[in-house]
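**Student:** Before anything else, here's the structure in question.
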Amino acid sequence: MVGKKYLGNISIRNIIIIVCMVIMLLVVGIAGYIVFSNWIHSSKETTKKMANEMNSKVFEQINAFIEMPEHINEVNQKLIKNGIVDIYNQDEREKFFVGVLETHGSHVYSFSYGTKDGEYYGALRNEDGIIKIIRNDASTDGNLWYYSVTPDLTAWELVTKAGKFDPRTYDWYKEAAEAGKPVFSSIYKHYVRDDLTVSFAWPIYDDEGKNQGVLGAHIILSDIDSFLKDIVKDIRGYALIVEKNTGELVANSMDIGNFVYLQDGNIKRNNLSDVNNHAIVQAYEKYKATQENEFLFNSDEEDLYMNFKDIDKDGLNWVIITSVREDLLMEDIVESMMLAAVLILISVLLSAEICLIVIGKLTKPMYHLLEVAEKISSGDLSERVVIVRDDEIGKISTAFNKTADTMHKLINNLETAVKERTLQLEQSNKILTESREELRLILNSSAEAIYGLDKNGNCTFCNASCLRILGYDDEDELLGNNMH
C-alpha cells in the first residue's frame, strides 16, 4: 500500500523518465554482459587456437630443420658410395662439399666426411656465415685445418689450424658406425664453437659391406633457439624442446642456456627443472603422466594453454613444448571493454538527454492542459487549451475545451434564468403586497360598518376581538384566508 501510495505521488513525466532509464540500463547491462562474455570466451578460444598453431608451426619448422641434414645425406651418400665423387681428388672433393653447403639452408653449419682411417674432409660456415674448407689428412699431419674458398670453390689460403682431430672419436661417427644405418647423433658440444650440436650421420659401405666412413650433416642448436624466440616474441609465450627420456634442454625461447660449463671444462646439460617457470615444469609432469597433448594448466604463477608434440625418428626422441598465457588477449579485451564502457556511458547520457527533451515536448501540452484546468476550477471560465497536436493529448484538449464551452454556456444561461425569475418574483411580491393592502382596507371597512372595530381590531360594540371570535389570530391570517 505504501508503495502504491508513493507511486501515486510521482508525476507521469517522472514515471516515464524512470521507466525509460530502467529499460535503457537493463538493455545496456544485458547487451554488455552478452558482448563482454562473448569477448572473454572468444579470447580464450583464440588463445587456445594460437597455442595450437604455435606448436604446429614449431613442429613443422623443427621437422624441416632436421629433415634438411637427412635429405643432404640421403642424396649425397650415393655419390660417394658409387664413386661419382672421388673423395681423394682434392679439387673435386672440395667443390663437392662447398657446393652442397652453399645450396642448402644456413642452419646446416657443416657437411663433412670422416673416413675409416681418421681422415676428415668437408666444408663449414663460421659464425659470420662464411664458408671454409675442412682438411684433415696426411698433408696436415692429422691436424684440422680450415681454408678460405676461391671463386671456383677450391681451397685458397689457410685460415685456421684447429689442432689434432679424429672423426672416429666423435659420437656422431661412432653411433652411425655401430648402428649400421643412418641416425641422429646424441647432442654434443661443438669442438670449436660455444654451442651444442646434433648431427645426422650416414655410414657408407663398399660393395663388400665394409664401412668406408661416415657422412655427416651437422646443425647448431642455437639456431633453433633463435627460431623459437622469433615464434613466441609477438605473443609472449614460451617454447622449449627437451629430450623426452632425460628432460634435458635441446632448445628454448626463454634465454636460458642449454648447458653450463663445469670447473673441469666439461659441460653439463641443463634440465627442464632448471627452467625458472614452475608452471611449465608441472605441466610437463602432467603430460608425462597422462600423455595428454593439450590442456589448460592452472597454477599459482599463471594459467597456461599447454601443447606437446613428440619428435621420434632415427635416434631423436624430443618433445616440443609450447605454452601461451590464458590472459594473453585480456589486456586488449580490458582496453576494448573500457573503451566500450566509455562509449556506452556517453551513449546513455546522450540518450537520456534526448529522452528528457522528447518527454518534455510530449508532456508540455499536458501541463498546459493542467494549468488551464486549475484556472477554470478557480472560476476563470474564459481560459482554453491551445491545441498544438492532433494526438491523444490533442484530442483530450479538444474535448476539454468543448466541456469548458458547455459549462460556460450553462452557467451563463443559469445566471440569466435566475435574474429573470428573480425579477418575476419581485413583480409577484409587489402585486401581492398591493393586493393585501387593498383587502385590508376592504375588511376594515366592512368591520367598521358592521361592528365598529377600532384600530386594533376590537369590536367597539362588544369591546372584544371580533377577529378571535371569528377564529383568526390576527389580521394577516384573516387577510390570508380571504385571499385564498
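**Student:** Using a Cα-Cα cut-off of under 17 Å, which aspartates and glutamates could be cross-linked to residue 402, ignoring same-chain neighbours fewer than 8 residues away?
**Tutor:** Those aspartates and glutamates meeting the cut-off are 371, 374, 380, 383, 390, 391, 392.
**Student:** Using every alpha carbon pair in segment 222-335, what percent of pairs falls into each 10 Å bin from 0 up to the bin containing the largest distance?
**Tutor:** It works out to 13, 43, 32, 10, 2, 0, in whole percents.
**Student:** For an R0 of 25 angstrom, estimate the FRET efficiency from the Cβ-Cβ distance between residue 285 and residue 106 and round to the nearest 0.05.
**Tutor:** That gives a FRET efficiency of 0.10.
**Student:** Now for a different question. Under a straight-distance cross-link criterion of Cα-Cα below 12 Å, which aspartates and glutamates are reachable from residue 229, leaving out those fewer than 8 residues away in the same chain?
**Tutor:** Residue 229 reaches 255.
**Student:** Give me the count of lysine pairs in segment 85-220 whose alpha carbons sit under 25 angstrom apart, restricted to pairs 8 or more positions apart or on different chains.
**Tutor:** The result is 23.
**Student:** Which value in nm describes the separation of the simple spin-label points at residue 256 and residue 11, placed 7 Å from the Cα toward the beta carbon?
**Tutor:** Once both label points are built, they end up 7.1 nm from each other.
**Student:** Sticking with this structure for a sec: Can you give me the Kirkwood hydrodynamic radius for the chain, using every pair of distinct Cα atoms, in Å to one decimal?
**Tutor:** 33.9
**Student:** Below 8 Å between Cα atoms, with a sequence gap of 6+, how large is the relative contact order for the chain in percent?
**Tutor:** Numbers: 641 pairs, mean separation 52.6, N = 484.
After rounding, I find 11 percent.
**Student:** Can you give me the long-range amide H partners of residue 160? Hydrogens built in the peptide plane at 1.01 Å from N, cutoff under 5 Å, separation of 5 or more residues or another chain.
**Tutor:** For residue 160, whose amide H was placed from the backbone, the distant partners under 5 Å are 146.
**Student:** Please compute the length gained on full extension between residue 438 and residue 351, using 0.36 nm multiplied by the number of residues separating them and subtracting their Cα-Cα distance.
**Tutor:** Taking 0.36 nm per residue and subtracting the Cα distance, the gain is 22.5 nm.
**Student:** Here is a follow-up. Test of understanding: what is the full-extension gain from residue 205 to residue 384, defined as 0.36 nm times their sequence separation minus their Cα-Cα distance?
**Tutor:** Stretched out fully, the residue 205 to residue 384 stretch lengthens by 52.5 nm.
**Student:** Convex hull over the Cα atoms of segment 298-412, averaged projected area in nm²?
**Tutor:** That works out to 15.6 nm².
**Student:** For the chain, which longest stretch is free of loop sites, where a loop site is one of the GluC sites (Glu not before Pro) that DSSP puts outside H, G, I, E and B and that has at most 15 other Cβ atoms within 10 Å?
**Tutor:** Looking at the chain, 1-126 is the longest stretch - no exposed GluC sites (Glu not before Pro) with at most 15 other Cβ atoms within 10 Å.
**Student:** In the neighborhood of residue 17, defined by Cβ-to-Cβ distances under 15 Å, what is the net charge if each Lys or Arg adds +1 and each Asp or Glu adds -1?
**Tutor:** Its environment carries a net charge of +2.
**Student:** Okay, next question. What do the square roots of 5 times the Cα gyration tensor eigenvalues come to for segment 85-220, in whole Å, largest first, as semi-axes of the equivalent ellipsoid?
**Tutor:** Working from the Cα gyration tensor, I get semi-axes of 21, 17, 14 Å.
**Student:** Now, a different point. What are the DSSP H helices in the chain that stretch 15 Å or more along their long axis, judged by alpha-carbon atoms, and whose average Kyte-Doolittle hydropathy comes to at least 1.0?
**Tutor:** On the way: long enough: 12-81 (101 Å, 0.42); 90-102 (18 Å, -0.65); 222-232 (16 Å, 0.35); 278-290 (18 Å, -0.55); 330-377 (66 Å, 1.27); 392-450 (84 Å, -0.43).
Within the chain the helices that satisfy the rule are 330-377.
A short reminder: the numbers here are calculations on the coordinates, not readings from a lab. Since the model is a prediction, treat every value here as computed from it, not as a measurement. Heads up, the Cβs are rebuilt from the backbone with ideal geometry, glycines too, and the neighbour counts pull from every protein chain shown.
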